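These notes are about the structure you will find just below.
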Amino acid sequence: MDKILVHGGASLSGNVKISGSKNSALPILAATLLTKEPCVIHHVPDLSDIHYMLQILSHLGAQVERASGVVTVQAEKIITEAPYEIVRKMRASVCVIGPLLGREKEATVSLPGGCVIGDRPIDLHLKGFEALGAMHRIENGNVKVFAGELKGSSMSLRGKQGPTVLGTDNVMMAAVLADGTTVIDSAAAEPEVVDLANFLNKMGAKIEGAGTRRIVIEGVKELHGAEHSVIPDRIEAGTFLVAGAIAGKGVTLKRVDPSHLTAVTDALTRAGFLLKIEGDTITISPNGVWKPLELTTNPYPDFPTDMQAQMCALLAKTPGISVITETIFPQRYMHVSEMKRMGADISLNGATAVIKGVERLSGAPVMASDLRASAALVLAGLQSEGITEVNRVYHIDRGYELIDEKLNGLGAHIERVKA
Ligand code: EPZ
């Protein structure tokens, strides 16, 4: 098992290219199950979560080929049961239920277990499938969803914490082959949902309204193969913007979609940084004093929960009092106790973190607990005195392609060593 050693104090500058989006590639790869014809997906990032999805597709019977960011999938003949061994490694595996149900009218997938970032039920996914006429039962740790036929229908996918991203994706993928019209109200509007809808429409689906809270899907008889490029990863981009804020002397992100990052670039501008946006590039530069912030995470287009931990790292050394409220995963603060080991002054009050900026952080051995928390610990290490040893970096490899090499390309001093 690897660990990462971050030598603090280096300043970052130069260009970094952003990879394809993990959270877009995963449901798009699952959607290839909806047709017998070949699908070609470009800009697929090299991540362990992507490997898990390709393993699931192969297990279900699909032919999968992969060469430097291009994945070709042909799911001519498939089975409908996804095994616990693979599914337990990645919650997002749940998004194969929709395409299997849409195409084969049944799916059996291991029910996702606990997650360190908080409670993550799939009740809204099942509610959506039920509205299409499907039934489900849970047995032996699996959820089996099945239907004689699927009929288009109207539903709301709003939960206590708002819309559901993978729930919207899953129901959309089941409804494209249903008989009649489906209307999803309180749909998630994330760019990854739009990217999936664009891919499905290229396959011959009839989806309108993706990117709004109301998605209308006209069911079709069958779908055909298609070719698609996955959008840039806005969370990887946001993470590198925070790295540029923390230790940068002018860092330029290449191949980003700035319109997907407005809430993040607005927050960094309010925090005292200069953001220059030109075409598909964003440059972040220091611009005087860092300013404290009040931030609340919410569904897109508001401030993303997947950037909350990284902002904690920035605000840990920002003079003054900052306040972050996490509304999507109220317990998503596993990084806080580790940052406090580095000298941060953060107090938690339920879903709210109060951050008192400190003058210095010192490097320490810290434990990564989940994907974004591990990225935040690397960012905290960049601005700490001495060496920060981030353990269990397999978490970071789930969602960041070559993060240590990319940061070293900007002038950081990071080593990856065998634990
Ligand atoms: C997606 O997860 C992302 N994962 C997450 O990113 C991201 O944090 C999350 O959306 C929110 O933006 C992928 O796209 C693979 P949700 P998802 O269903 O779809 C509750 C990362 O770091 N809920 O939108 O699983 C749920 O508990 C990952 O890349 C229900 O109550 O999240 C949460 O509080 C981590 N019932 C809220 O809704 C349901 O049936 C939003 O969850 C489903 C969700």
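Read-outs throughout are calculated quantities, based only on the coordinates presented, and are distinct from any laboratory measurement. The structure displayed is predicted, hence computed values, not measured ones. Cβ sites come from the backbone with ideal geometry, for glycine too, and all protein chains shown count toward neighbours.
What number, in nm² with one decimal, is the all-direction average of the projected area of the convex hull of the alpha-carbon atoms of the range 1-148?
11.6 nm²
Out of residues 5 or more away from Glu227 or on other chains, whose amide H comes under 5 Å of its own, with H placed 1.01 Å from N in the peptide plane?
Val40
Helix 371-382 versus the longest principal axis of the chain: what angle, 0 to 90°, nearest 10, using Cα atoms?
20 degrees
Quick check: pseudo-label points 7 Å beyond the Cα along Cα→Cβ at Glu65 and Ser285, how many nm apart are they?
Here the answer is 4.7 nm between the modelled labels.
Treat each spin label as a single point 7 Å out from the Cα along the C-beta direction, and report the Lys249 to Ser362 distance in nm.
The modelled label-to-label distance comes out at 2.7 nm.
Please sort by residue number the trypsin sites (Lys or Arg not before Pro) in the range 214-287 whose DSSP state is loop and whose Cβ has at most 13 other Cβ atoms within 10 Å.
Answer by residue number: Lys221.
Given the peptides 159-165, 390-396, arrange them by the average over their residues of other C-beta atoms within 10 Å, most packed first.
Working: 159-165: 17.7, 390-396: 20.9.
Highest-to-lowest ranking by the protection proxy: 390-396, 159-165.
Mind jotting down the distance between the C-alpha centroids of the range 179-199 and the range 341-419, whole Å?
Rounded to whole Å, the Cα centres lie 35 Å apart.
Computed over the Cα atoms of the chain, what is the convex hull's projected area averaged over all directions, in nm²?
18.1 nm²
Could you pull out the pairs from Lys36/Lys89; Lys77/Lys202; Lys160/Lys221; Lys22/Lys276; Lys276/Lys356 whose alpha carbons sit more than 23 Å apart here?
From the list (Lys36/Lys89; Lys77/Lys202; Lys160/Lys221; Lys22/Lys276; Lys276/Lys356), the Cα-Cα distance tops 23 Å for Lys36/Lys89; Lys160/Lys221; Lys22/Lys276; Lys276/Lys356.
Compare the peptides 290-296, 260-266, 347-353 by average per-residue count of other Cβ atoms within 10 angstrom and give them in order, highest first.
Details: 290-296: 17.3, 260-266: 19.7, 347-353: 14.3.
For the peptides 290-296, 260-266, 347-353, the packing ranking is 260-266, 290-296, 347-353.
Please give the calculated 222 nm ellipticity per residue for the chain, where each DSSP H segment of at least 4 residues contributes -39500 (n - 2.57) and the sum is spread over every residue; nearest 500 deg cm²/dmol? Walk me through the intermediate numbers first.
Numbers: 14 runs with 128 residues, N = 419.
Taking each H run of at least 4 residues, the total per residue is -8500 deg cm²/dmol.
Binning at 10 angstrom from zero up to the longest distance, how are the C-alpha pair distances of the range 116-244 distributed in percent?
12, 38, 33, 13, 3, 0
Suppose R0 equals 45 Å; then what is the FRET efficiency for Tyr394 and Lys202 from their Cβ-Cβ distance, rounded to the nearest 0.05?
Computed FRET efficiency for Tyr394 and Lys202: 0.85.
Based on Cα coordinates alone, diagonalise the gyration tensor for the range 304-349, multiply each eigenvalue by 5, take square roots, and list the semi-axes in whole Å, largest first.
Its equivalent ellipsoid spans semi-axes of 17, 12, 10 Å.
If I take R0 = 51 Å and measure r between the Cβ atoms of Glu85 and Glu385 in this structure, what FRET efficiency does the formula 1/(1 + (r/R0)^6) give, to the nearest 0.05?
That pair, Glu85 with Glu385, gives E of 0.75.
Please compute the length gained on full extension between His7 and Lys221, using 0.36 nm multiplied by the number of residues separating them and subtracting their Cα-Cα distance. Don't skip to the answer; put the middle values down first.
Numbers: separation 214, 0.36 × 214 = 77.04 nm, distance 5.71 nm.
Residue separation times 0.36 nm, minus the Cα-Cα distance, leaves 71.3 nm.
Given a Förster radius of 41 Å and the C-beta distance between Ile138 and His42 as r, what FRET efficiency does 1/(1 + (r/R0)^6) yield to the nearest 0.05?
Details: r = 37 Å, r/R0 = 0.91.
FRET efficiency, Ile138 to His42: 0.65.
Where does the Debye-calculated log10 I(q)/I(0) of the range 38-97 sit at q = 0.24 Å⁻¹, using only Cα point scatterers of equal weight, no solvent?
Debye intensities relative to I(0), on a log10 scale: -1.04.
Please sort 223-229, 41-47 by packing, taking for each peptide the average over its residues of neighbouring beta carbons within 10 angstrom, highest first. Please list the in-between numbers first.
On the way: 223-229: 18.3, 41-47: 20.3.
Packing proxy ranking, top to bottom: 41-47, 223-229.
Looking at the P(r) of the range 161-312, how many percent of alpha-carbon pairs lie beyond 20 Å? It would help to have the intermediate numbers written out before the result.
On the way: 6273 of 11476 pairs.
Counting pairs separated by more than 20 Å, the tail of P(r) holds 55 percent.
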